[in-house]
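For reference, the structure is listed below as structure tokens.
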Amino acid sequence: MTDWTVASFNVKNLIGAEKEYYRYEKYTPEEYAWKANWLADQIASLNADLVGFQEIFEEEALQAVVAQADRMGEASNAVSVPDRDKPYHRKAIFRKLAYETYHDATLAFAPNLNDGGPGERRPGVAVLSRNGFAEPPVVVQELDTPLEIPLRDLGGGSAGSFRLSRISRPILKVKVPVGSHVVTVFNCHLKSKLGEFITPEGAEFANEANLLDYDAVGRAMGSLRAALRRVAEAWVLRREVVAELEKGNPVIVLGDLNDSENAVSSEIITGEAPFKNYAWMRRHDAKHQGDRYSVEEAAQITESVDSMRLHSAEKLFVRKSLRDMVYTAAFGGVYESIDQILLSRHFHPEAEQAIGSMEYFSVFNDHLTDGSHPEAPYNKLASDHGQIMAHLRLRD
């Protein structure tokens with residue numbers, strides 16, 4: 001058996017000091033030192049074999065934070081892990097307390113193609129792996145062939161289409177050797193829920209941005225644009241996932257989906273759940289009222305659908321532990337899970353083809369404050385996301 005931990009961490013705008021990332025937003029040297037220390041402490045606490053990071057502006061800043069986490073972890077080992085000459089050094093508790101450094105780990109960084117100058121920066125994503133990578137990482141952002149989504153008028157005929165040539169943030173695909181297996185991991189950060197508003201030519205800002213002249217309908221249109229982009233990006237990711245599953249490869253998707261687990265974008269990424277009994281369903285090419293799928297065909301359809309599904313690590317944990325709530329974000333009184341780890345059936349406990357299973361699911365969310373809280377604007381130094389980690393055990 002090989003134990004392997006996989007985590008997702010939205011760091012909330014990691015960039016060096018005195019560098020304006022968004023308009024008028026930057027860290028003083030003191031703020032950056034505080035943020036780097038907090039991030040390093042979180043990474044040391046996670047102590048994960050693989051971490052998918054979101055909102056990384058600079059690879060160098062992340063490298064420095066990981067090095068700081070190592071220093072923290074090594075200092076912790078010095079006081080909590082007994083020397084080998086101690087008769088009790090093999091006790092399980094000390095193995096759990098021990099921190100494993102990232103000295104020999106591999107870091108892959110995918111910068112954002114939409115990145116601009118000071119005040120107009122756009123973050124990328126990164127993956128840190130103690131196991132390294134079996135192949136060079138692949139970045140998906142600029143689409144070789146633009147995605148055209150044709151829309152149909154309810155009365156029939158064409159109603160135009162939605163076109164997407166570049167996604168808002170890169171998807172980073174890595175293949176990780178774990179024991180005798182190679183697992184494909186996708187790290188993603190889908191379009192946020194912030195509305196997309198169009199600035200008229202010659203104007204300083206979009207009309208909808210002026211909250212003193214509140215335009216409810218216009219802002220709703222901005223939310224619609226954002227949702228269309230997010231769902232389209234989910235489909236782009238889904239296409240990449242299915243390509244790996246069709247090859248028989250174990251797949252893990254992690255990252256900030258910017259939607260709850262029951263949202264449309266999440267459903268697109270995970271794929272549809274099999275219908276309970278396709279033999280009850282009327283055939284697609286039915287010639288009469290009772291023309292339904294056979295039992296054999298129903299089994300074939302179920303297998304085809306199930307083999308392409310992903311499963312929420314959070315849901316597996318909730319079912320296993322009998323807990324009723326997990327959340328990774330809190331804003332305006334709404335608590336939800338917008339950060340996810342999704343597993344192919346290779347890790348599902350009931351699948352015959354399973355190569356392993358999830359033993360536990362950790363959530364680090366005690367630092368979160370509701371966005372409506374008076375202190376919330378000052379929390380840019382921590383992260384506004386909880387960190388999540390799946391504890392996996394793979395058969396060799």
| query | When you scan segment 185-203, how many residues do you find that are at positive phi and of a type in the set (Val, Ile, Thr)? | reply | 0
| said: Going by what's in this entry, would Ser192 be described as of a type in the set (S, T, N, Q), within 26 Å of Ser260 (Cα to Cα) and surrounded by fewer than 14 Cβ atoms within 10 Å (Cβ to Cβ)? | reply: no
| Where a residue in segment 124-136 is closer than 20 Å to Asp70 by Cβ and modelled with pLDDT of 95 or more and its partner, wherever it lies, is of a type in the set (A, V, I, L, M) and in a loop (DSSP other than H, G, I, E, B), with Cβ under 7 Å and at least six apart | Leu128/Ala105; Ser129/Ala105; Arg130/Ala105
| remark: Of (1) buried (at least 20 other Cβ atoms within 10 Å of the Cβ); (2) part of a loop (DSSP other than H, G, I, E, B); (3) of a type in the set (A, V, I, L, M), Leu237 satisfies every one except (2)
| query | Would a scan of segment 296-311 turn up a residue that is more than 23 Å from the chain's Cα centre (by Cα), farther than 23 Å from Val6 by Cα, buried (at least 17 other Cβ atoms within 10 Å of the Cβ) and of a type outside the set (Gly, Ala, Ser)? | reply | no
| task | Can you tell me which residue within segment 200-234, out of those that are under 25 Å from Leu143 (Cα atoms) and among the charged types (D, E, K, R), is least open to solvent (accessible area, probe 1.4 Å)? | result | Glu233
| query | Considering only segment 314-358, how many residues are open to solvent by 50 Å² or more (accessible area, probe 1.4 Å) and of a type in the set (Ser, Thr, Tyr)? | reply | 2
| request: May I ask you to list the residues in segment 248-290 that are at pLDDT 90 or above and more than 21 Å from Ser304 (Cβ to Cβ)? | output: Ile252, Leu254, Gly255, Asp256, Leu257, Asn258, Lys287, His288, Gln289, Gly290
| What number of residues within segment 50-62 are within 20 Å of the chain's Cα centre (by Cα) and in a helix (DSSP H, G or I)? | 2
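The values are calculated or read from the model by the stated rules, or taken from the named source; none is laboratory data. Please read these numbers as outputs of a predicted model, since none were measured by experiment. As a convention, Cβ positions derive from the backbone with ideal geometry for all residues, glycine included, and neighbour counts pool all protein chains shown. What goes into the accessible areas is simple: the full protein's heavy atoms, side chains included, and nothing from ligands, DNA or RNA. Shrake-Rupley method; radii C 1.70, N 1.55, O 1.52, S 1.80 Å.
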